[in-house]
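Below you'll find the structure, written out as structure tokens, and then a few comments.
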Amino acid sequence: MRHVRTNGRAAEDDRGPIIEAQAVLFEIAGLGWDDPILESYGDSGKIPLYAGKFSECAIIPPFKYSYGGRLRRLLGVDQLHWVADVLRAKPYTKSGWISLTVPGESPDAVPCLTSLAFRLRDGRLVMTAAFRSQNVFTSYLNYVPLRSIQNEVAGDLGVGCGSMRVFVDVPHIYVADAAAVGEILRLSERDGLGEGTSPGPADRLGRDRGRLRPDRARRAS
């Protein structure tokens, strides 16, 4: 949010005017719904909705697509099982890429998350998520379920989770949310949770899995 507020410029979107910034690439060591920053500033009421977007194959309104469906039965393929089999056969491979897009589909149904890459490095599963576009005000609601997906594939392989790398080509904020974003940034600076602050790693497989369950989320203060 700070990146977009500091470096963004005016642009347009189907849902109204936005502020968009340059592409970003960053890495998350560990993440769960009980992350202290999310507990302080997150919207716990939206957690089940976004968790379902990644876990359910059916499309859940108001979304136009299901990440769960595209991960588990895109063109009849369970891509998570497929990528686990690829890594089992060749642990060194760099071919563990899966796509969430379909050539020629309706432009208004093209998902924001376009691909995931999985690699085994130093005995752990690392993952890269590529987003064509992302609303940074609600991005965390995608990142924690993504960590669940990484944990699922790691569990299938019997290894621990490494880092999760995230690339966002067009990070943005809706102008309608600008005041709320400004208030979160103001409060985070007041509380000493500025850029680069981390509550600490939580990348052990068992611990991370427990922290990612939506029913364990506590209401944000």
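The values are calculated or read from the model by the stated rules, or taken from the named source; none is laboratory data. Predicted model only: the values in this text are computed from it and were never measured. Cβ: placed from backbone, ideal geometry, glycine included. Neighbour counts: every protein chain shown. Side chains are part of the model used for accessible areas, which takes the heavy atoms of the whole protein and leaves out ligands, DNA and RNA. Shrake-Rupley method; radii C 1.70, N 1.55, O 1.52, S 1.80 Å.
Odds and ends about this structure:
Conditions (1) closer than 23 Å to residue 114 by Cβ; (2) touching a Cys at 6+ places or on another chain (Cβ under 7 Å); (3) polar (S, T, N, Q), marked per residue:
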residue: 13; (1), (2), (3): yes, no, no
residue: 30; (1), (2), (3): no, no, no
residue: 41; (1), (2), (3): no, no, no
residue: 51; (1), (2), (3): yes, no, no
residue: 54; (1), (2), (3): yes, no, no
residue: 68; (1), (2), (3): yes, yes, no
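- Residue under evaluation residue 78, criteria (1) among the acidic types (Asp, Glu); (2) modelled with pLDDT of 95 or more; (3) in contact with a Lys or Arg (Cβ under 9 Å, 6 or more places away or on another chain); (4) closer than 24 Å to residue 180 by Cβ, criterion not met: (4)
- Members of segment 2-14 that are open to solvent by 100 Å² or more (accessible area, probe 1.4 Å) and within 21 Å of the chain's Cα centre (by Cα): 5
- Cβ-Cβ under 6 Å pairs, at least 6 apart or on other chains, segment 164-179 side over 26 Å from residue 147 (Cα atoms), far side in a helix (DSSP H, G or I) and open to solvent by 10 Å² or more (accessible area, probe 1.4 Å): none
- When 48, 61, 91 are checked against the criterion of being without any contact (Cβ under 8 Å) to a residue 24 or more places away in the chain and either part of a loop (DSSP other than H, G, I, E, B) or surrounded by fewer than 18 Cβ atoms within 10 Å (Cβ to Cβ) (or both), a single residue qualifies: 61.
- Residues of segment 34-45 that turn out to be open to solvent by 40 Å² or more (accessible area, probe 1.4 Å) and either of a type in the set (Ser, Thr, Tyr) or modelled with pLDDT of 90 or more (or both), as a count: 2
- Members of segment 17-33 found to be over 21 Å from residue 127 (Cα atoms) and either modelled with pLDDT under 95 or in a strand (DSSP E or B) (or both), listed by number: 18, 19, 20
- Residues (of a type outside the set (S, T, N, Q), surrounded by 13 or more Cβ atoms within 10 Å (Cβ to Cβ) and in a helix (DSSP H, G or I)) located in segment 164-192: 175, 177, 178, 180, 181, 182, 184, 185
- Some residue of segment 48-57 being at pLDDT 95 or above and farther than 27 Å from residue 163 by Cβ: no
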